[in-house]
Amino acid sequence: MSSEICFALLITFTVLLSYASLSHGLLQPRRISHGLSESGKYLTRDELWFNQTLDHYSPHDHRKFGQRYYEYLDHLRVPDGPIFLMICGEGPCNGIPNDYISVLAKKFEAGIVSLEHRYYGKSSPFNSLATENLKYLSSKQALFDLAAFRQYYQESLNVKFNKTGKVDNPWFFFGASYSGALSAWFRLKFPHLTCGSLASSAVVRAVYEFTEFDQQIGESAGPECKAALKETNKLLELGLKVNNKAVKALFNATELNVDADFLYLVADAEVMAFQYGNPDKLCAPLVEAKKNSGDLVEAYAKYYREFCVGVFGLSAKTYNRNHLLDTAVTTESSDRLWWFQVCTEVAYFQVAPANDSIRSQLINTEYHLDLCKTLFGKGVYPEVDATNLYYGGDRIAATKIIFTNGSQDPWRHASKQTSSPDLPSYIITCHNCGHGSDLRGCPQSPMVIEGDSKNCSSPDAVNKVRQHIVEHIDLWLSECRGVLRSSM
């Protein structure tokens, strides 16, 4: 190692070691959820409960568990207005967010309900998350949960509004990211239970080695920022060899004994900027530092402290294997639970591309497989081919699903990006259009009330896609009502 690099690293350590205590937070970027936290940004946080079947595939197992849900009926046209079901994904469901779905509910005079995903948040069937208790955690069981809940809730509406004809309200399903995939898969498997689905940033294609993920990050960053990111990553890898604990201390991550776990944290920190519509928060200081021969590690660590930790609450604990091995049911159990779904169904292994990578080569396929084995034991393996065979991947053969993706979002390469009359797909193209831009606006996180698009670099790009969404929902709801009337 050159003396210049050693000197630069040592200066960085001296300047930044004073930042020894960083707050733990709720957002875990290795998952693809959004992590809302401010109570003022929900339409409702009043909890309701439904007794859900544990195993939908067993005729003999009649065990039930409590599943949390929410309802917001302020805009509902009683008694026959549509019901919008917002699917909660791989994290606690703390209420119904006041994003663009609230605008749609006003427009269509719809009620909104939202069901927490089994095992996550307060909807845990067991008191222990040991591997043997996780066998009922799957997207297939989750889809049946949605079907059972939809039937239950429709029957409750019939009673509440004294509907004598017992004709269903028209339903429309919504989801973003993993829950976007569930939204699409629900329309595929239960087309008679929803008039259509919005699948925002929907990761419908399980991917074993997801090299496109980092390739998109590099493309979204642009040449200058990408070069700065690559150099920063090299400096950090060298720094780990010079003074391992000092480097990790810059990120309050000395608890991470495995270097690859730390480097995964480093990679996720940069991903957050592009995935959630804040690219300039990362690229502007890094490019400036590189141009002025400044300290890239210091610039990156400052971005991490002020933005990833200060705004998002990112914590090294998410990457700590002792934490991921913890089988107790807590508010932080989502980390272990999502890894189980990753390690059994969908993979999405964010491995470093062979060439021109901004991610450490230590984050490879073997790293992910070893982590799966460490957390859940031998024999746990992501059945990616089986998942894509069952759902169709990005060649899903369904109708009346709207697919939307942000141009800068690395997850769009696991979504459906080709359009057809039955399955319209839209790419929202702008500088800060990332994960769930159609529902979230810009930035995608922290949350913007009603998904306001004014801070998108091209509001027109977002609004144009939203107009298409409105047109599809309007058409499909009207077609649905025609079928419901004819069946009376």
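Each residue, Asp370 and Lys241, gets one label point 7 Å from its Cα in the Cβ direction; the gap between the two is 1.8 nm. The alpha carbons of the chain occupy a box of 82, 51, 39 Å along the principal axes, longest dimension given first. Calculate the length of the line joining the C-alpha centroid of region 61-104 to that of region 113-185, in whole Å. Answer, in whole Å: 9. Gain on full extension, evaluated as 0.36 nm per residue between His431 and Glu479 minus their Cα-Cα distance, stands at 13.6 nm. Taking all Cα pairs closer than 8 Å and separated by 6 or more residues, the relative contact order of region 208-381 comes to 33 percent. The long axis of helix 279-291 is offset from the longest Cα principal axis of the chain by roughly 10 degrees. Dipole magnitude for region 136-273: computed about the Cα centre from +1 point charges on Lys and Arg Cβ and -1 point charges on Asp and Glu Cβ, it is near 720 debye. Residues whose amide H lies under 5 Å from that of Ile428, counting only those 5 or more places away or on a different chain, are Asn405, Gly406, Ser407; hydrogens are built 1.01 Å from N in the peptide plane.
In the structure shown, the pairs Lys302/Lys373; Lys107/Lys189; Lys189/Lys416; Lys140/Lys416; Lys106/Lys464; Lys416/Lys454 are assessed against 24 Å; a Cα-Cα span above that value is assigned to Lys302/Lys373; Lys107/Lys189; Lys416/Lys454. A simple spin-label model places the labels of His56 and Leu325 3.5 nm from each other, with each point 7 Å out along Cα-to-Cβ. Residues in region 417-434 carry Karplus couplings, in order, of 10, 9, 10, 8, x, 7, 10, x, 10, 10, 9, 8, 9, 6, 4, 10, 8, x Hz; the curve used is 6.51 cos²θ - 1.76 cosθ + 1.60 with θ = phi - 60°, and Gly or Pro positions show x. A straight chain from Trp49 to Tyr381 at 0.36 nm per residue would run longer than the Cα-Cα distance by 116.2 nm. Backbone geometry of region 297-307 corresponds, through the Karplus equation with coefficients 6.51, -1.76 and 1.60 at θ = phi - 60°, to 3J(HN,Hα) couplings of 5, 4, 4, 5, 4, 5, 4, 4, 5, 7, 9 Hz, x marking Gly and Pro. Straight-line reach from Lys291: taking Cα to Cα under 17 Å and skipping same-chain neighbours fewer than 8 places apart, the aspartates and glutamates in range are Glu4, Glu224, Glu231, Asp280. The packing ranking of peptides 244-252, 94-102, 149-157, highest mean first, is 94-102, 244-252, 149-157, where packing means the average number of other beta carbon atoms within 10 angstrom of each residue.
Of the solvent-accessible surface of the chain, computed with a 1.4 Å probe over protein heavy atoms with every protein chain present, carbon and sulfur atoms account for 51 percent.
As a calculated quantity, the FRET efficiency between Phe126 and Glu255 at R0 = 25 Å, using C-beta atoms, amounts to about 0.40. The residues of the chain expose on average 39 square angstrom of accessible surface per residue, using a 1.4 Å probe on protein heavy atoms.
Between the listed residues Leu337, Asn322, Phe210, the Cα displaced farthest toward the positive end of the dipole of region 208-381, a dipole computed from Cβ unit charges relative to the Cα centre, is found at Asn322. For Leu198, the residues whose amide H sits under 5 Å from its own are Phe173, Phe174, Gly175, Ile402, ignoring neighbours fewer than 5 places away on the same chain, with H placed 1.01 Å from N.
For region 338-415, the set of GluC sites (Glu not before Pro) satisfying both a DSSP loop assignment and a count of at most 11 other C-beta atoms within 10 Å is empty. Modelled spin-label separation between Asp460 and Gln417, with each label point placed 7 Å from Cα along the Cα-to-Cβ direction: 2.4 nm. Per-residue Karplus couplings for region 380-389, computed as 6.51 cos²θ - 1.76 cosθ + 1.60 with θ equal to phi - 60°, are listed in order as 8, 8, x, 7, 4, 4, 5, 4, 5, 5 Hz, Gly and Pro entered as x.
The values are calculated or read from the model by the stated rules, or taken from the named source; none is laboratory data. Model, not experiment: these values are computed from the prediction. FYI the Cβ positions are ideal-geometry reconstructions off the backbone, even for glycines, and counts take in every protein chain you see. Areas reflect the complete protein model, heavy atoms only, side chains present, ligands, DNA and RNA absent. Shrake-Rupley method; radii C 1.70, N 1.55, O 1.52, S 1.80 Å.
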